[in-house]
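In what follows, a structure is listed as structure tokens, so that the remarks can point back to it.
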Amino acid sequence: MRALGLVPHSPKAVQIAEKALEEGIGYVPFGGFGYSAFKELRKDDVSPVQAAAAKVLAKDPDPTSARALVQAASDKSWTVRAAAVDAIAERGDPSLLEDIVPAMSDHKDLVRYTAAAAVIRLSAVRKPAERRRKAEGSDLK
């Protein structure tokens, strides 16, 4: 940077370095998502806490936690929405499938992709459960 005549800690040097990082990350598949998340989290001090809470609630079997995750899936912060949808998928509760389908139309790519993966996961969980119920029902006849 000194060769370019920039002082390492000048605002202009920082802007150039950030732009170079953005451009460089953009060529790696999905690499831009990590940097976008970092930039979003850096300017918002509440969303990281809410996103972390969503990850913790993923393992909580209480139905109230499931409702909280469904509500968080429509939060104003895309980082919270993505974390909530991911946590719902991790729960593995196919009854929540219909609640995350709207996230597949989110304006943020990362939320849409996470929701699509969650729908696939919960659909896969739902199928064996349906087969078991059908098999148990045929045994009763």
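Fully extended, how many nm does the chain gain between residue 74 and residue 123 (0.36 nm per residue separation, minus their Cα-Cα distance)? Don't skip to the end; give the middle numbers.
Values: separation 49, 0.36 × 49 = 17.64 nm, distance 2.06 nm.
Gain on stretching residue 74 to residue 123: 15.6 nm.
Scan around residue 75 for amide H atoms under 5 Å from its own, H built in the peptide plane at 1.01 Å from N, and keep only partners 5 or more places away or cross-chain.
Close amide H contacts, sequence-distant or interchain: 81.
Computed from the coordinates by the stated procedures, all read-outs in this text should not be read as laboratory data. Everything quoted here is computed from the prediction, not taken from an experiment.
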